[in-house]
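Asker: Handing you this structure, nothing more for now.
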Amino acid sequence: MQKALNKWCLPSKIKTEEFFHLAKGSGFEGVELNLETEGEIFLGVTYNQLKAFLKKANKIGIKISSVASGLHWQYSLSDSDKEIREYGIKIAKRMIEIASVLEADTVLLIPGLLTEESDYIEVYNQSVDVLRSLGKIAEKYGINIGLENGGMKFLHSPLEFNKFLEEIAYSNIGLYLDTANAMIDGYPQQWISILGKKIKGIHFKDFKSNVRLYPQAYTQLLQGDINWVEVMEKLKQMEYKGYIVAEIPSYRYFPLRIMDDISRNMDFILSLGGKE
């Protein structure tokens, strides 16, 4: 297992090249970049611009592990509005293209969103259909699609998520496990036990169970209620070899200090799994 850092852990004013240096200096082996509406990694970013970022990452000695985005919370892949849904598909295709150029192996997608007005079955079926089409595209690029759990108001349990993946039936589409999101309705070690080899990526953050609202419940590693010994035992049993990506809210003051804290805490957690 290799540790990586999502750029959202730092203030947005931090440029991508500086982020590479900071992450490398704090002991991370990889970084996760995010597609935004504006900034350095955005929908209109060019091939040459992406290649320049890749060259800088290679020179610094850090791997771009994956590409994520928050845009699908606004442009859902399951939206009943065709125009919104198709724009969400366009974003997903662009993420796959960007990941390929950056030599990342995974994109993180939100599989769909349930609203009070939507029909559960329609959202489920729409998501399956869209992801099948995206799976075929990603397969051509040699990219994995990791579907994040939690916050969508559907696919609450690992059993339902597993059934969902089986209906999509693409080996390059799996779970992108968020350990804190798994605590909303269950426990991350149970997701690992059931999804196992279908896990394409992992986000690490902790979760305070006594805080009933999230993201307020999300917290720094080792400051919440996740049983990290159980989590690591399950990951080692399934022989997970991919990246573990920290995605943790930054400190209000002295935000850069979070990097060394995350790095040390991840080193400790990764050493667990039957060991004290």
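Asker: Going by the conditions given, is N265 at pLDDT below 95 and of a type outside the set (A, V, I, L, M)? Please lay out each step first, then the result.
Answerer: Numbers: at pLDDT below 95: no; of a type outside the set (A, V, I, L, M): yes.
No: the conditions fail for N265.
Asker: Right, something else. Can you name the residue in segment 242-268 that is surrounded by 22 or more Cβ atoms within 10 Å (Cβ to Cβ) and β-branched (V, I, T) and, of all such residues, is farthest from I145 (Cα to Cα)?
Answerer: I262
Asker: Out of the residues in segment 154-176 meeting the condition of being in a loop (DSSP other than H, G, I, E, B) and touching a residue at least 24 places away in the same chain (Cβ under 8 Å), tell me which one is surrounded by the fewest Cβ atoms within 10 Å (Cβ to Cβ). Before you say what the answer is, go through the steps one by one.
Answerer: Taking segment 154-176 and keeping what is in a loop (DSSP other than H, G, I, E, B), we get 154-157, 169-172.
This time we only want the ones that are touching a residue at least 24 places away in the same chain (Cβ under 8 Å), so: 154-157, 169-170, 172.
Numbers: F154: 18, L155: 25, H156: 14, S157: 14, A169: 11, Y170: 17, N172: 18.
For segment 154-176, the residue satisfying everything is A169.
Asker: Any chance you could count how many residues in segment 226-243 are part of a helix (DSSP H, G or I) and touching a residue at least 12 places away in the same chain (Cβ under 8 Å)?
Answerer: Of all residues in segment 226-243, those part of a helix (DSSP H, G or I) come to 228-237.
From what's left, touching a residue at least 12 places away in the same chain (Cβ under 8 Å): 228-236.
Summing the residues that are part of a helix (DSSP H, G or I) and touching a residue at least 12 places away in the same chain (Cβ under 8 Å) in segment 226-243 gives 9.
Asker: What is the one condition in (1) in contact (Cβ under 8 Å) with a residue 12 or more places away in the chain; (2) of a type in the set (S, T, Y); (3) farther than 21 Å from G201 by Cα that S65 does not satisfy?
Answerer: (3)
For (1) basic (K, R); (2) over 20 Å from the mean Cα position of the chain (by Cα), each residue gets a yes or a no:
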residue	(1), (2)
L5	no, no
L10	no, no
K15	yes, yes
F20	no, no
L33	no, no
T37	no, no
F42	no, no
I60	no, yes
V67	no, no
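The values are calculated or read from the model by the stated rules, or taken from the named source; none is laboratory data. Since the structure is predicted, the reported quantities are computational estimates derived from the model, not experimental observations. No Cβ is skipped: glycine too gets one built from the backbone with ideal geometry, and neighbour counts run over all protein chains shown.
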